[in-house]
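The values are calculated or read from the model by the stated rules, or taken from the named source; none is laboratory data. These numbers come from a predicted model, not from an experiment. Here the Cβ positions follow ideal geometry from the backbone for every residue, glycine too, while neighbour counts run over all protein chains shown. These area figures cover heavy atoms from the full protein model, side chains too; ligands, DNA and RNA do not enter into them. Shrake-Rupley method; radii C 1.70, N 1.55, O 1.52, S 1.80 Å.
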Amino acid sequence: METRTPRGFHDVLPDEVRRWQFIEDNARRIFDLYGFSEIRIPVLEFTEVFARSLGTTTDIVEKEMYTFTDRDGSSITLRPEGTAGVVRAFVENSMHAKSPVSKLWYSGMMFRHERPQKGRYRGFYQIGAELLGPEDPASDADLIAMVWKFLESIGLSDRLTLEISSLGDQRCRPQYKEKLVAYFKPEADRLCPDCRRRLGTNPLRILDCKEEGCRKIAAGAPKMMDNLCGECAAHFGAVREYLGSAGVPYTINPKIVRGLDYYTRTVFEVTTNELGSQNAVAAGGRYDGLVEELGGPGTPAVGFATGMERLVLLHEKAHPGGFRREIKVFIAYVGEGTETAAFRLTAALRERGVPAEMEYGGKSLKSQLKRADKSGAVYTFIIGEDELSRGKVKLRRMETSSEEEVDIEAAPALSF
RNA sequence: GUGGGUGUAGCUCAGACCGGUUAGAGCACUGGGUUGUGGCCCCAGAGGUCGCGGGUUCAAAUCCCGUCACUCACCCCA
């Protein structure tokens, strides 16, 4: 048998998990502060849910989904992102009827069949949030502010850049796209092969090309920002104002392109230059048409998602060390009948809420103390035959090596 | 899907260009130095299909071919 994970999947080992928990704890705390509730949804959906949501011509749907046929013949897909499933749950449970605004967050593993590289996996964790109901620009700004607060809370904001833009809506975006294609068409043979392809599939991406030649041509291209319809322009202006008043530092990047079809109006990205080429740690935007697309009542919404592995990678660079599990008290024992006493003392300590760990099997006292040391214990109880016969145990303070005898009955009640 | 780099002990890596005894180091682990006392130090020990398969050769970790994996980048994205 193959004793390894499939390509692109990875284990998160205990030492690392502490850091994950730190990030997750802060996410939970900040989201709660902003009035978001957690929702838990399946890791798989009918394929249709993703195909309709993300757009049938997007890379994710075309070539990156883990899709299989269920026993009854239906097509099932492991979720490549979180929004589609949350919106499906929103519609299926008629959440619109329960409240004019739903604030939901989720976390869990997503699946995309991509070629792995630094910060990019086939099975990866995302934390995300969706704010459904309001169309008001204050909701865009509130969500973005929450993302920023979260990143601040884990000590990363000084290494991150927040960029925002507007993609327009059903009215102005198609017009802009045409304008863009009309601009690039005559230059097609001077574009790189990728961009010639993009001209047909996703002309907005040409603006983002890294090729020098394409960048020169793109520099003179019409900008979405200048082609927003009146309502979209007003919306974007208001979002900026709210962000400013919330003290969220952002820059405008008109070249932001999203890979999913459902985005409208506000889009944003949080990036770093410390993670190689996978530089986006969080991204999101408004998707006013998606709820209706999935069969619900017309409901505007904004949302975002962040990649846990990327956050963890960055957090490791920013704040190395400091996430080891530590036990408060270690219980060592040596001699006849001491193991039972150790077992009871350990249990009694835990009963009082003191994190305690005991030796199993009784090696030399030396090796027990070594283990105590490694466990990070502040105190070690040493139970020896002599002391035990007098109803005593030794309490060793690890840092100073000082020891004193205490009554074994009173030991669990000491203040640690 | 396309390109580059790398696979030697649990981890980080020497050894490879120039084939030649039992393949090394540091860290980690175990035991001892201390018949019941951690960290520092000293001594000892355990741990390896040199990714896998084939080829060349008297002889391959080392040279050749293939293959797999990992990794970085492109594409795309969190």
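Here is how the numbers come out for the structure above:
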{"read-out": "Rounded FRET efficiency, nearest 0.05, which uses the C-beta distance separating residue A:136 from residue A:48 and R0 of 35 Å", "value": "0.70"}
{"read-out": "Considering only the range A:329-413, percent of DSSP beta bridges that pair antiparallel, nearest 5", "value": "55 percent"}
{"read-out": "Potential extension, residue A:347-residue A:40 segment - 0.36 nm per residue separation minus Cα distance", "value": "107.0 nm"}
{"read-out": "Cα centroid of the range A:345-405 to Cα centroid of the range A:1-27, whole Å", "value": "32 Å"}
{"read-out": "Cα-based shape type of chain A, given that a ≥ b ≥ c are square roots of the gyration tensor eigenvalues and the cut on a/c is 1.5", "value": "prolate"}
{"read-out": "Ranked packing of A:4-16, A:78-90, A:171-183, most packed first, by mean Cβ within 10 Å", "value": "A:78-90, A:171-183, A:4-16"}
{"read-out": "Column: log10 I(q)/I(0), Debye, Cα scatterers of the range A:281-416, q = 0.12, 0.13 Å⁻¹", "value": "-0.58, -0.62"}
{"read-out": "For the range A:129-158 versus the range A:290-327, the gap between their alpha-carbon centres in whole angstrom", "value": "12 Å"}
{"read-out": "Segments A:405-415, A:297-307 sorted - mean Cβ within 10 Å per residue, highest first", "value": "A:297-307, A:405-415"}
{"read-out": "The range A:132-249, accessible surface, carbon-and-sulfur percent (1.4 angstrom probe)", "value": "47 percent"}
{"read-out": "Residue-by-residue Karplus 3J(HN,Hα) for the range A:154-162, coefficients 6.51, -1.76, 1.60, Hz, glycine and proline x", "value": "9, x, 10, 4, 6, 10, 10, 10, 9"}
{"read-out": "Relative contact order of chain A, pairs being alpha-carbon contacts under 8 Å that are 6 or more residues apart, as %", "value": "15 percent"}
{"read-out": "Charge tally in the Cβ shell below 10 Å around residue A:305, where Lys, Arg are +1 and Asp, Glu are -1, residue A:305 excluded", "value": "-2"}
{"read-out": "Spatial separation of Cα centroids for the range A:168-233 and the range A:78-114, in angstrom", "value": "31 Å"}
{"read-out": "Cβ crowding within 10 Å averaged over residues, with A:150-156, A:266-272 ranked highest first", "value": "A:266-272, A:150-156"}
